[in-house]
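Participant: Below is the structure I would like to discuss, written out as structure tokens.
The values are calculated or read from the model by the stated rules, or taken from the named source; none is laboratory data. Computed from a predicted model, the values in this text were never measured in an experiment. Here Cβ is always computed from backbone atoms with ideal geometry, including for glycine, and neighbour counts include all displayed protein chains. Accessible surface areas use protein heavy atoms only, side chains included; no ligands, DNA or RNA. Shrake-Rupley method; radii C 1.70, N 1.55, O 1.52, S 1.80 Å.
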Amino acid sequence: MVLPKYDVVLTTDRSMMSNYHGKEFLGFVTTGPLFITVGPFKKLGEWIHEYIAMPKMKVDKYGRPYQAPYGMRKIEAALLDAGINAAIIDPDHVHKYIPNARILMLSHHDYFGLNPPSSTWSAIVGREPLNAYSFRRFMMRIRPYIMDAKSRNGLKVVVGGPAAWQWLYLPELMDFFGIDTVFDGEGEKLVVDFVKRILNNEPVPRYVYVGVNDAPSIDEIPIIKYPAVNGFVEIGRGGCPRGCAFCPVTIRPLRWYPLEKIEEELKLHIKYGVVHGLIHAEDVPLYGSTGVELNPDKLIKLHQLVKRYYLTMAWSHTTLASVLTAEKKYNKLATKIAEIIEDEHQEWWGGAQVGLETGSRRLAKAIMPGKAAPFKIEDWWDVVEEALGVMHDIKLIPANGDYRITWGRRRTTLWRR
Ligand code: SF4
């Protein structure tokens, strides 16, 4: 079979290139430490962990994945829109494309397991997380192909994605794996010019940081061309009016997609047979708003739109304060949204990350005074308890450890101790 040739090949390892059995949040299991690392059961433990956490992605006859991480799909779309010959290739097939590629672009959520929760768990048990292990093993496998292509045709290797910064702390690995540039930040606006420079044999910097002024506007963010993992669709990008001191989201501008643009990506997924999906923003209930007050009209229309296309849907993130605001201050808006989402295809939705962060009111006031807004941060305990009570009632399941709290709304007193 003759393979197509791509000037730009985008890829990542299996911990990213998986649909996690159709359950997005099962992907978190890749951040856990390897089940067993010694003795005769090492291979078995590895196999079980990988089977649960990162099953192989379906690919076409050329090794192009059926679904791929959303951020990579955006970069692929920006390059394709600019007429650049680019494709995302599954990690099991990428070695066949490296010899003819001009640029290999890697992306990852957590290349070396340095982000939480990977770093948290591995520090506790002293074992490498699966995602870091998987990436290391992948890189060792393709390294000979990279080095050969670099010496034969000057292949350039670029690392990006949310964890691009991690390479800056490991310069010896950049040399070992032949990495030419670390591309750090939202790429849609700058990546085309950057790639064209390489294709024109012009020099490019070893480190590119995309600052606020180069973050793409909504109009500059392209529509993805092929499905994202588990029907993921972005409804808003960056920014958060709550301004928690520890949060990198706050250094980027907040941008909401218009419904028409969201609908184009919903249609695209349906075209490819993806009928279950996840909408993403840092705080989904804030869709279409300018501060921490909600925009009920837009929020209702958003959910009606998504449910017109997807049989089942989920939220990626919400704050507890937004859920409570919707229910208490906007005439049971959270319940109204639940009535749109819950139907014969789904009885509940989730698992949204709620970001509890701390049970200490003193700490909350110091580091995240806007987290409870429009309620007072001094009432953080009550906001958490009441919001989780609302979530329990409307069957919105949180994704992280807070799930224990929702088992009984009155059990929230437990975490105060
Ligand atoms: S509420 Fe969440 S997204 Fe917003 S600033 Fe705080 S941690 Fe970041």
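Participant: Rg (Å, one decimal) plus Dmax (Å, integer) for the alpha carbons of the chain?
Facilitator: 21.8, 66
Participant: Run lengths n ≥ 4 of DSSP H only: what is the helix-derived mean residue ellipticity at 222 nm for the chain, with -39500 (n - 2.57) per run over all residues, to the nearest 500? It would help to have the intermediate numbers written out before the result.
Facilitator: Values: 13 runs with 143 residues, N = 417.
Using -39500 (n - 2.57) per qualifying helix, the result is -10500 deg cm²/dmol.
Participant: Let me ask something additional. Rounded to the nearest 0.05, what FRET efficiency do L311 and M147 have when you use their Cβ-Cβ distance and R0 = 35 Å?
Facilitator: E between L311 and M147, to the nearest 0.05, is 0.15.
Participant: Taking all protein chains as present, what is the carbon and sulfur share of the accessible area of region 217-338, in % to the nearest whole number, probe 1.4 Å?
Facilitator: The C+S portion of the solvent-accessible surface of region 217-338 is 57 percent.
Participant: If you place +1 on the Cβ of every Lys and Arg and -1 on the Cβ of every Asp and Glu, how big does the dipole about the Cα centre of region 227-268 come out, in debye to the nearest 20? Don't jump to the answer; show the numbers that get you there.
Facilitator: Numbers: 6 positive and 5 negative charges, 53 e Å.
Around 260 debye, computed over region 227-268.
Participant: Roughly speaking, what is the stretch gain from V2 to N200, that is 0.36 nm per residue apart minus the C-alpha to C-alpha distance, in nm to one decimal?
Facilitator: On the way: separation 198, 0.36 × 198 = 71.28 nm, distance 2.65 nm.
Difference between extended and current length: 68.6 nm.
Participant: How long are the semi-axes of the ellipsoid equivalent to region 245-297, from square roots of 5 times the Cα gyration tensor eigenvalues, in whole Å, largest first?
Facilitator: Details: eigenvalues 131, 40, 20 Å².
After scaling each eigenvalue by five and taking roots: 26, 14, 10 Å.
Participant: Can you give the FRET efficiency to the nearest 0.05 for I300 and T120, using r as the Cβ-Cβ distance and R₀ = 35 Å? Can you show the working numbers first?
Facilitator: Working: r = 38 Å, r/R0 = 1.07.
That pair, I300 with T120, gives E of 0.40.
Participant: Along the charge dipole of the chain, which of A366, Y62, A245 sits closest to the positive end, that is, farthest toward it, with unit charges on the beta carbon of Lys, Arg, Asp and Glu (+1, +1, -1, -1)?
Facilitator: Y62
Participant: Give a quick list of chymotrypsin sites (Phe, Trp or Tyr not before Pro) in region 303-367 that DSSP marks as loop, anything other than H, G, I, E or B, with at most 12 other Cβ atoms within 10 Å.
Facilitator: On the way: sites: Y309, Y310, W315, Y330, W348, W349; in loops: Y310, Y330, W348.
Nothing satisfies the criteria.
Participant: Still on this structure, please answer the following. Take the Cα of L363, step 7 Å along the line toward its Cβ, and report every residue of region 18-59 whose backbone nitrogen sits under 11 Å from that point.
Facilitator: none
Participant: Can I ask one more? How much net charge surrounds Y207 when only other residues with a Cβ under 12 Å from its Cβ are counted (Lys, Arg +1; Asp, Glu -1)? Kindly include the intermediate steps, with their values, before the conclusion.
Facilitator: Numbers: positive: R206; negative: D180, D184.
Summing Lys/Arg as +1 and Asp/Glu as -1 gives -1.
Participant: While we're looking at this one, here's another question. Under a Cβ-only charge scheme (Lys and Arg +1, Asp and Glu -1), can you give me the dipole magnitude of the chain about the Cα centre, in debye to the nearest 20?
Facilitator: Working: 53 positive and 47 negative charges, 143 e Å.
Approximately 680 debye in magnitude.
Participant: Given a Förster distance of 35 Å, report the FRET efficiency between K225 and H21 from their Cβ-Cβ distance, rounded to the nearest 0.05. Mind dumping the intermediate values first?
Facilitator: Working: r = 25 Å, r/R0 = 0.71.
So the FRET efficiency works out to roughly 0.90.
Participant: Carbon and sulfur together cover what percent of the accessible area of region 8-214 at a 1.4 Å probe radius?
Facilitator: On the way: 5480 of 9150 Å².
Carbon with sulfur: 60 percent of the solvent-accessible area.
Participant: With +1 assigned to the C-beta of every Lys and Arg and -1 to the C-beta of every Asp and Glu, and no other charges, what is the dipole magnitude of region 231-370 about the Cα centre in debye, to the nearest 20? All intermediate terms of the calculation are to be shown ahead of the outcome.
Facilitator: Details: 18 positive and 16 negative charges, 112 e Å.
Here the size comes out at about 540 debye.
Participant: Once you have the alpha carbon radius of gyration of region 8-214, what is it after dividing by 2.2 N^0.38 Å, with N set to its residue count? Don't skip to the end; give the middle numbers.
Facilitator: Values: Rg = 16.9 Å, N = 207, 2.2 N^0.38 = 16.7 Å.
So the Cα radius of gyration is 1.01 times the expected 2.2 N^0.38 Å.
Participant: In addition: Can you give the accessible area per residue of the chain, in Å², using a 1.4 Å probe? Provide the component values of the computation, followed by the final result.
Facilitator: Values: 18720 Å² over 417 residues.
Computed with neighbouring chains in place, this is 45 Å² per residue.
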